[in-house]
Amino acid sequence: MDYRADRMNTLIVNTFFDYLETEDFSNLTVGKLSEAARINRSTFYRHFEDKYQLRDYVVDNIVSYFTTNLDVNFLNIDICQDFQYTNILKNSLKKFFTKKRELEILWNQPLLGRNVFEEMVNAGAEKLEREILTLKNISSEKKKFADWYSKLLINNMLVTIRWWFSHSNLVTADQVSDMMKEHMISGTIPTLKK
C-alpha cells in the first residue's frame, strides 16, 4: 500500500472511531462517514467495500494487536520469586493502554455485530493454550484443561484491563501490575481478606 493510500485508510479509521464515540454503529452510513472525513464516497469505496468491511478491518486489527502484544512468557517464570513477571505484565498493560480509546469504543458498541471483548478473550486464550501445551513443567493431566486455564487467565486479564481503563486516572500501570501479581500468587479471596 502506498503512503497516500495508507494515510487515507488512517483517516477513514480515525473518523470511524470518532463517529462511534457518540453514535451507534447501526446508525453509521458510508455517506455520514465520508462527510465527517471530508472525502467523497467514491474515495471511501476505493478503500472499503462498505461499513462492515471497515468494521471487520478495525476489529481484526485490534484483536491482532492484542494477541501480538500478549506476552505469554509469564508461564515460564516463577511469579513468586522473579521480578521479571511484574515487568512483563506492566509492559503489556502499557501497550494495551495505547489503544485505550479504541478498545473502550469497540467494547461499548452493543450494535457493532461483533463482540470484540469476547474475540479478544478467544484469540488470547488460543495463544496461551498453545504455549501451555508446549511446556514441559506442566503435567499432561493439567494440559487436558489447557483451554479452561487459558480462558480463565485471559478473561481475568481483560476484565482487569477494562476496569483499569475506567479507573486509570486513579490507578497506575504499576499498581495494576502489582495487584494482578498479588492475586495470581495468593488468590482473590485471600487477598481481599488480607
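The values are calculated or read from the model by the stated rules, or taken from the named source; none is laboratory data. Quick caveat: nothing in here was measured; it's all calculated off a predicted structure. Glycine gets a Cβ as well: all are built from the backbone with ideal geometry, and neighbour counts include every protein chain shown. SASA here: full protein model, heavy atoms, side chains in, ligands and nucleic acids out. Shrake-Rupley method; radii C 1.70, N 1.55, O 1.52, S 1.80 Å.
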Discussion item. Take the residue pairs Lys99/Lys136; Lys90/Lys136; Lys100/Lys151; Lys95/Lys142; Lys90/Lys151 and return only those whose Cα atoms are more than 28 Å apart.
Written reply: Lys99/Lys136; Lys95/Lys142
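Once fully extended, how much extra length lies between His183 and Lys100, figured as 0.36 nm per residue of separation less the alpha-carbon to alpha-carbon distance?
Numbers: separation 83, 0.36 × 83 = 29.88 nm, distance 2.32 nm.
27.6 nm is the gain from fully extending His183 to Lys100.
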Practice prompt. Kindly identify region 1-64 as rounded, prolate or oblate by the Cα gyration tensor criterion: order the square roots of the eigenvalues as a ≥ b ≥ c, call it rounded if a/c is under 1.5, otherwise compare a/b with b/c, prolate if a/b is larger, else oblate.
Written response: oblate
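Calculated FRET efficiency, Thr29 and Asp56, Cβ-Cβ r, R0 22 Å, to nearest 0.05?
0.85
What is the extension gain from Val171 to Asn108, computed as 0.36 nm multiplied by their sequence separation minus the C-alpha to C-alpha distance, in nm to one decimal?
Values: separation 63, 0.36 × 63 = 22.68 nm, distance 2.12 nm.
Gain on extension, Val171 to Asn108, equals 20.6 nm.
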Worksheet item: Asn91 to Asn14: FRET efficiency via 1/(1 + (r/R0)^6), r the Cβ-Cβ distance, R0 22 Å, to the nearest 0.05?
Response: 0.30
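Express the accessible area of the chain per residue in Å², computed with a 1.4 Å probe while the remaining protein chains stay in the model.
On the way: 11460 Å² over 194 residues.
I get 59 Å² per residue for this part.
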Worksheet item: Where the accessible area of the chain is counted over protein heavy atoms with a 1.4 Å probe, how much of it, in %, is carbon and sulfur?
Response: 51 percent
Item to complete: Would you calculate a helix-derived [θ] at 222 nm for the chain, using -39,500 (n - 2.57) for each DSSP H run of n ≥ 4 and dividing by the full residue count, to the nearest 500?
Response: -22500 deg cm²/dmol
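Less than 11 Å Cβ to Cβ from Ser34, Lys/Arg counted +1 and Asp/Glu -1: what total charge do the surrounding residues give?
On the way: positive: Lys32, Arg38, Arg41, Lys51; negative: Glu35.
Once all neighbours under 11 Å are counted, the net charge is +3.
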Worksheet item: Sorted from largest down, what three extents in whole angstroms do the Cα atoms of region 102-182 have along their principal axes?
Response: 42, 34, 14
Practice prompt. Kindly express, to the nearest 10 degrees and within the range 0 to 90, the angle between helix 146-167's C-alpha long axis and the longest C-alpha principal axis of the chain.
Written response: 60 degrees
Discussion item. Under 16 Å from a point placed 7 Å out from the Cα of Ala36 along the Cα-to-Cβ direction: which residues of region 113-153 have their backbone N that close?
Written reply: 113
Discussion item. Considering only C-alpha atoms, what is the centroid distance from region 141-173 to region 12-66, in Å?
Written reply: 29 Å
Worksheet item: Between the helical axis of 84-97 and the dominant principal axis of the chain, each derived from Cα atoms, what acute angle in degrees is found, rounded to the nearest 10?
Response: 20 degrees
Worksheet item: With springs only between Cα atoms under 10 Å, which of Asn137, Asn122, Asn73 fluctuates most in a Gaussian network model of the chain?
Response: Asn137
